[in-house]
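A short worksheet on the structure shown next.
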Amino acid sequence: MIFTVPCIMGTEGLVADELRFGGYAGVNAENGSVSFEGDISECARANINLRCGERVLIRLGWFSAHSFEALFESVKALPWENFIGRADAFPVKGYSLNSTLKSVPACQSIIKKAVVERLREKYNCVELPETGAKHQIQFSIMKDMATLYLDTSGAPLYKRGYKLEQSEASLRETLAASMVKIARYRGREDFYDPMCGSGTIAIEAATAALGIAPGLKREFDAAAWNDEWAKAFIEQKEEAGAKARGEKLPIFASDNDPNAVELTKENARRAGVLDYINVTKGNALTADWKSRSGVLMCDPPYGVRMMDLKQARFLCRSFGEAVGDSPLKKYIISADEEFESFFGYRADKKRKLYNGMIKCNLHMYFK
Ligand SMILES: C[S@@+](CC[C@H](N)C(=O)[O-])C[C@H]1O[C@@H](n2cnc3c(N)ncnc32)[C@H](O)[C@@H]1O
């Protein structure tokens, strides 16, 4: 099978590296996604182990679709019965961009009809009750090329299952994991997140360093498809669980808001890393940064989801005065295009990344 892993724009190379390093075949980075080849076990393994990808889709077919008739016939020709049982549910969603077939609801209904017709013929029945396991069909139509997928993940992979609440201001786990990967952090040097919020960055740094697979604690849609899929997910979870290490890590998460400190502790406990990291209340502006070395990584408020822009810039200026010329390597993500002028230091390197729909820059200082 061919699988597609959609990912945050700008992280395709990281996901491709994860897959290559994991020994998957046919890895190919595209725009906003990475594809690879494999079987059911490889699919389960990718779902459980990928830190930066958003989901794992089976790419079932791709073809040109200039008309609804062509779309119907090409969708009907795909082997849906290889995955979808007679009683299974198969909702359809997707999008169309720069194509003749513009109406998404119309495409959705044509695709649904084509799959229904195929399955009725294959199962020799009229009724398809759709009371069984969910097989989410996804389509994309871009410049008149349609691609049809089946989603094996269910909830997106950033939902690891450890976060108590997905607060508005918290980073996506996949974005935090990508930042940790960009910094090549492996648990050897000191690592600080002095504005930890719900703890995403420190938890992702810790789980990566300890080799704890991000998908161990969550469910996946495809695990409910049939016995073969269920077995693959059970086996891959067992294998991933056996690889986790267990030494204490020099990871320090802090925040000046006591509620954030408690939330980070609770999330870290749920992620299985509370005993390995240090979580305390502290003011990022008054810590003695000049005597510390290692990595500092954080996501200060940038006036979009928390604080207004003026307050956020004032904080950024004070933070720059506190940490700017410390020996720490600094990785600071911000949506403020003028971050560097307020922080007071020009980044050695910047990388464009998206936090949900918000365009951000990861500012990197290698001192
Ligand atoms: C955007 S949130 C961080 C979100 C976090 N990365 C997450 O994924 O949950 C910014 C955090 O900075 C904290 N903060 C603001 N000023 C601070 C200061 N002077 N010292 C420490 N923390 C501060 C806020 O309390 C808030 O939790």
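The values are calculated or read from the model by the stated rules, or taken from the named source; none is laboratory data. The structure displayed is predicted, hence computed values, not measured ones. Cβ: placed from backbone, ideal geometry, glycine included. Neighbour counts: every protein chain shown.
For this structure, a couple of remarks:
- Matching helices (runs of 4 or more DSSP H) fully within region 124-242 where at least 3 residues are in the same structural domain as Pro301 (by TED's automatic domain parsing) and buried (at least 22 other Cβ atoms within 10 Å of the Cβ): 173-182, 200-210
- Restricting attention to region 77-91, the residues that are in a helix (DSSP H, G or I) and surrounded by fewer than 17 Cβ atoms within 10 Å (Cβ to Cβ) total 2.
- Looking across region 288-310 at every residue that is assigned to a helix (DSSP H, G or I) and either away from the ligand (no atom under 15 Å from the Cβ) or at pLDDT below 90 (or both), the one that is farthest from Gly187 (Cα to Cα) is identified as Lys310.
- Residue pairs meeting the criteria (Cβ under 7 Å; at least 6 apart or on separate chains; first in contact (Cβ under 8 Å) with a residue 12 or more places away in the chain, in region 169-185; second of a type in the set (S, T, N, Q) and within 12 Å of the ligand (Cβ to nearest atom)): Ser170/Ser198; Ser170/Thr200; Leu171/Thr200; Leu171/Asn355; Arg172/Asn355; Glu173/Thr200; Leu175/Asn355; Ala176/Thr200
- Matching residues in region 312-356 - criterion: being charged (D, E, K, R) and assigned to a strand (DSSP E or B): Lys329, Lys330, Lys349, Lys350, Arg351, Lys352
- The listed residues are Arg270, Arg346, and the only one of them that is crowded, with 16+ Cβ neighbours inside 10 Å, closer than 26 Å to Glu189 by Cα and of a type outside the set (A, V, I, L, M) turns out to be Arg270.
- Screening Lys265 with (1) surrounded by fewer than 20 Cβ atoms within 10 Å (Cβ to Cβ); (2) out of contact with any helix residue (DSSP H, G or I) (no Cβ under 7 Å at 6 or more places or on another chain) gives one miss only, at (2).
- Taking the conditions (1) within 29 Å of Ser178 (Cα to Cα); (2) surrounded by fewer than 18 Cβ atoms within 10 Å (Cβ to Cβ) in turn, Asn49 satisfies each one other than (2).
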